[in-house]
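Notes for the one structure printed next.
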Amino acid sequence: MKVRIAFDDHDSPIYGCTTHFTALFIEEIRKWGKVRLLDFPYLVRLNPNIPWKTRGNGSTMIVVDYRGELDELLDLAWNASLEYVEEVSKAKLYDRKPGVAVGIGDPPLFELYKKAVSDVVTLDYAFRLASKLGILVRGDRGVIGALAAMGFSGPYTYELLAYRRRENWGRFRRVDPKSVKLIDVIGFPHTFSNYDYVESKPLIMPHGNDPVFYGIRGTDPALLERLAGLIVSEEKPDFSRIFKTNQSTDAHLLSPRTRPYSTFDGIVEVKEVKREGKDVNIWTSEGMLIFVFKETGELNQAASLLESGDVVRVIGAVKPSSRYGRVIEAERFKLISLRRRVSLANPRCPICGGSSESAGRGKGFRCRKCGHSFSKEKVEVERSTPLSLSWYYSRPLRHLSRPIFLRI
Ligand code: ATP
């Protein structure tokens, strides 16, 4: 029978990663002989705004053909989980709360997935749903992510994850940047988010102690294998695994809301634009405050050019704020309409057409060319703006954000 096995919360801030555990678990069940993997393992990213995530809020799922008792499979998965969080990731020491779920067939969990990817789900609700649908679960908060991973369906991409040998965990990741640039050039647009051309640095390596050496993202698993073979590094990966994933699909926009920690997607009118250091704060006519942090690069630059009356569609994270109640941290916006940019200028001389200067307060204007004095209203002069009616993205993209060129 077809069975889904899903996991979450197996890492800690110092070691481990739920994908690493999943890749090891696949090897373990292969040896067991009672299961056959039916698909790539899944890496399902959930709400990027959840405060209790460790890094990228990733959960995992595998789909297998299994002959045996479901309880036995759950025991096997849960024991493997406990061993990993105790021996490898030390997750319990950091109050991580692993969870496992095992369910037959294709449980109807898409609505839960939709909520988990853009809003907050309670553990109580997750447990009740599992029991109603006959899904076996063990553990704690990780059950939310595990069930949500089971409910994933929709567009997908792939990520090849290469893992490090244990003796290298915590060491600086040395990869030849030229080789990363090369794979990006060869693979584009079927691979992406590998190299930052503005900062001139590879993006494929994480920075922490986790066992991931690098990850290459794309739409074609065979290409990812080929590109991994071109990465130049003295450190040899321990092993690698390709995951099917909702990364780069905009899944967090499936059901936007305005509650704290959810994803916001709405149209607003700009009322006032203020700079605070290098950050840009936009007050809207609807009374919202939108932060566009300097780290967003081009998005921040574009935001600083907005003016009162412009209308924008904003996508971002809703965050609670003790000062303002609720704020939006923008990840991209689309300019819907631009108000005419005009400034007031001194009028031209009615005699010779020359430019004029003020003749003093309340005394009208004096022509710079012929000296004629006259009184007239200031005139409106249209200004140009580099902004256009299109999308502006943050330079660093969130795991779930779809790159603008990607068609999936
Ligand atoms: P890694 O990327 O290494 O897996 P992480 O950042 O994914 O680390 P997790 O260990 O997965 O962090 O922790 C996230 C926790 O938040 C999990 O327990 C998961 O069940 C829970 N969670 C995920 N999404 C939601 C949600 N929408 N509502 C409530 N809890 C959630």
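FYI, it's all coordinate maths here, none of it is from the lab. Just so it is clear, the model here is predicted, and its values are computed rather than measured. Because the Cβ atoms are built from the backbone with ideal geometry, glycine has one as well, and the counts that use them run over all protein chains shown.
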For the chain, what does -39500 (n - 2.57) per DSSP helix run (n ≥ 4), summed and divided by total residues, give at 222 nm, in deg cm²/dmol to the nearest 500?
-> -6000 deg cm²/dmol
Would you work out which of Phe127, Phe293, Asn57 lies farthest towards the positive end of the dipole of the chain? Charges go on Cβ: Lys and Arg +1, Asp and Glu -1.
-> Phe293
With r as the distance between the Cβ atoms of Ile50 and Lys236 and R0 = 35 Å, compute the FRET efficiency 1/(1 + (r/R0)^6) and round to 0.05.
-> 0.50
Filter the cross-link list Lys294/Lys319; Lys201/Lys278; Lys274/Lys294; Lys181/Lys278; Lys178/Lys201 down to pairs whose alpha-carbon distance in this structure exceeds 20 Å.
-> Lys201/Lys278; Lys181/Lys278
For the chain, the longest principal axis of the Cα atoms and the Cα long axis of helix 123-133 enclose an angle in degrees, to the nearest 10, of 50
Cβ charges +1 (Lys, Arg) and -1 (Asp, Glu), total dipole of the stretch 176-244, debye | 180
Note down the relative contact order for the chain as a percent, whole number, built from C-alpha pairs under 8 angstrom at least six residues apart.
-> 14
To the nearest µm²/s, what D does Stokes-Einstein give for the stretch 112-217 at 4 °C and 1.567 mPa s, using the Kirkwood radius over alpha carbon pairs as Rh?
-> 77
Can you list the aspartates and glutamates whose alpha carbon sits under 20 Å from that of Lys334, skipping same-chain ones fewer than 8 residues off?
-> Asp250, Asp265, Glu269, Glu272, Asp279, Glu286, Glu295, Glu298, Glu307, Asp310
What's the angle, to the nearest 10 degrees (0 to 90), between helix 177-187's Cα axis and the longest principal axis of the chain?
-> 90
How about Lys34: which lysines have a C-alpha closer than 20 Å to its C-alpha, ignoring those fewer than 8 places off in the same chain?
-> Lys2
May I ask you to derive the relative contact order of the stretch 342-382, considering only C-alpha pairs under 8 Å and at least 6 residues apart, and to give it as an integer percent?
-> 44
Calculated diffusion of the stretch 48-133, Stokes-Einstein form, Kirkwood radius summed over Cα pairs, 4 °C and 1.567 mPa s, µm²/s = 87
What angle, in degrees between 0 and 90 and rounded to the nearest 10, separates the Cα long axis of helix 70-83 from the longest principal axis of the Cα atoms of the chain?
-> 70
Counting alpha carbon pairs within less than 8 Å and at least 6 residues apart, what relative contact order, in whole percent, applies to the stretch 39-159?
-> 32
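About the Cα centre of the chain, how large is the charge dipole given +1 on each Lys and Arg Cβ and -1 on each Asp and Glu Cβ? Please answer in debye to the nearest 20.
Roughly 1840 debye for the chain.
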Can you give the charge dipole size of the stretch 2-150 about its Cα centre, rounded to the nearest 20 debye, using +1 on the beta carbon of Lys and Arg and -1 on the beta carbon of Asp and Glu?
-> 300
Whole-Å distance, taken between Cα centres, linking the stretch 301-358 and the stretch 45-112 | 47
